[in-house]
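Taking it in order: structure first as structure tokens, then the write-up.
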Amino acid sequence: MRKSVSRRCSRASCTSAAIKTLTYIYSDSTAVLGPLSTYAEPHNYDLCAAHSERLTVPVGWNVIKEEIIDHNTGPSDEDLMAIANAVREVANTDIGNKSMQPELGRRGHLRVLPSN
């Protein structure tokens, strides 16, 4: 059986245990700070209590802080539907944006778009 290892804060030289996960949504200029994610993701940042409380974002950005009040219950049906609708809306927006800008080439995760 594999022993669970707690994750550490992503901030440089911080050795505290992570309790929250920070995700940036660059297209919406939004930072989302929520409960510690189940798995470490390369584009997310795990933060300790001190760093999550002192979070600052660039001027003009929005911050969404998700707090779990009761750790014994999961998200409500209403919460799950709201998340599903938000994901669906973003997916539809991405599909619409891709059809309006033709790609000239692609290399890995990079795309070449025509200049205007």
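Normalised by residue number, the volume inside the convex hull of the Cα atoms of region 7-67 is 87 Å³ per residue. Amide H contacts under 5 Å for R8: A18, restricted to partners 5 or more places along the chain or on a different chain, H placed in the peptide plane at 1.01 Å from N.
Coordinate-derived values only; no laboratory data. All values derive from a computational prediction rather than experimental measurement.
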